[in-house]
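Peer 1: The structure that follows is given in the form of structure tokens.
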Amino acid sequence: MEFSSKLLERAVSEMSQLPGVGKRTALRLVLHLLRQPEEQSLDLADALKSLRTEIKFCKNCHNISDSQLCEICSNPNRNRELVCVVEDIRDVMAIENTSSYKGLYHILGGKISPMDGIGPNDLNIPTLVAKLKLGEIKEVIFALGSTMEGDTTNFYIYKQIQDLEIVTSTIARGISVGNELEYTDEITLGRSITNRIPFESSLKI
């Protein structure tokens, strides 16, 4: 692809590094930005810069936040005896959209996947186990996707905490096996949280 401007070429090159964005799509997006008022493009650039330089991760649940504690963890109305374990922030957003869950979260940042070289220590599992050992949490809900990696991660965590006096449950299997939470409709996801089952029962399925 030939460019008449080095500035244009650089912008397209950077844009094309986004997931699912090829060179042609990147060029279309860049040209679109050039056609918009300058202020709009500068606002976008400023938002991206602020996102990268000012964003924080909640010290309690690892959620993306503007401060040391995210809005969920700092909310006094949340049930602090209940923790839902999810893969990433998209799952938190999906569950929150159901308005069916009022506890806290713990974001692992991925799933155990030996094929991809991801082990337990590469995720936020040690901080979860340490938090559970404090004794304040009474129930852990496993809400990872119904995939082999998700089930492996659930089982690993379960083995780490099975001697603690904590109820372990998992979302009901209204969600199709192999599906990710973020693609599940709100009604199905909400019911799967409300109708969660003991984790031990899921091991027998």
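Peer 1: In the range 70-85, which residues are outside any strand (DSSP E or B), surrounded by 13 or more Cβ atoms within 10 Å (Cβ to Cβ) and in contact (Cβ under 8 Å) with a residue 12 or more places away in the chain?
Peer 2: Within the range 70-85, Cys70, Ile72, Cys73, Arg78 qualify.
Peer 1: Any chance you could count how many residues in the range 23-33 are loosely packed, with under 11 Cβ neighbours inside 10 Å and either touching a Leu at 6+ places or on another chain (Cβ under 9 Å) or not in a helix (DSSP H, G or I) (or both)?
Peer 2: Residues flagged as loosely packed, with under 11 Cβ neighbours inside 10 Å and either touching a Leu at 6+ places or on another chain (Cβ under 9 Å) or not in a helix (DSSP H, G or I) (or both) within the range 23-33 amount to 0.
Peer 1: Name the single residue that is farthest from the chain's Cα centre (by Cα) among those in the range 1-15 being more than 17 Å from Ala45 (Cβ to Cβ) and surrounded by 12 or more Cβ atoms within 10 Å (Cβ to Cβ).
Peer 2: The selected residue is Phe3.
Peer 1: Right, something else. Conditions first: (1) surrounded by 11 or more Cβ atoms within 10 Å (Cβ to Cβ); (2) within 28 Å of Tyr105 (Cβ to Cβ); (3) assigned by TED's automatic domain parsing to the domain that holds Ser13. His62 passes all but one, so which condition is the exception?
Peer 2: Result: His62 passes all but (3).
Peer 1: Could you list, in sequence order, all residues of the range 1-22 that are among the hydrophobic types (A, V, I, L, M, F, W, C) and either without any contact (Cβ under 8 Å) to a residue 12 or more places away in the chain or part of a helix (DSSP H, G or I) (or both)?
Peer 2: Residues satisfying the conditions are Phe3, Leu7, Leu8, Ala11, Val12, Met15, Leu18, Val21.
Peer 1: Select from the range 86-135 the residues that are touching a Lys or Arg at 6+ places or on another chain (Cβ under 7 Å), in a loop (DSSP other than H, G, I, E, B) and closer than 23 Å to Lys56 by Cβ and list them in ascending order.
Peer 2: Scanning the range 86-135 gives a single hit, Glu87.
Peer 1: Name the pairs whose Cβ atoms lie under 6 Å apart, with the first residue in the range 100-117 and over 12 Å from Met148 (Cα atoms), the second of a type in the set (S, T, N, Q), and 6 or more positions between them or separate chains?
Peer 2: Close Cβ pairs satisfying both conditions: Ser100/Thr194; Lys102/Asn79; Gly103/Asn79; Ile107/Asn63; Leu108/Asn124; Gly109/Asn124.
Peer 1: Quickly run through the range 95-114 and pick out the residues that are surrounded by 20 or more Cβ atoms within 10 Å (Cβ to Cβ) and over 20 Å from Ile137 (Cα atoms).
Peer 2: If the condition is that a residue be surrounded by 20 or more Cβ atoms within 10 Å (Cβ to Cβ) and over 20 Å from Ile137 (Cα atoms), then Lys111, Ile112 are the ones that fit.
Peer 1: Could you give me the residue pairs with C-beta distances under 9 Å whose first residue belongs to the range 34-63 and is among the small types (Gly, Ala, Ser), whose second residue is surrounded by 10 or more Cβ atoms within 10 Å (Cβ to Cβ) wherever it lies, and which are 6+ apart or on separate chains?
Peer 2: Hits for this filter: Ser41/Leu33; Ser41/Leu34.
Peer 1: For the range 34-50, what are the residues that are out of contact with any helix residue (DSSP H, G or I) (no Cβ under 9 Å at 6 or more places or on another chain) and in a helix (DSSP H, G or I)?
Peer 2: Within the range 34-50, Arg35, Glu38, Glu39, Leu42, Asp43, Ala45, Asp46, Ala47, Leu48, Lys49, Ser50 qualify.
The values are calculated or read from the model by the stated rules, or taken from the named source; none is laboratory data. All figures in this text were calculated on a predicted structure; none of them were measured in a lab. Methodologically, a virtual Cβ is constructed for each residue, glycine included, from the backbone with ideal geometry; neighbour enumeration extends over all protein chains shown.
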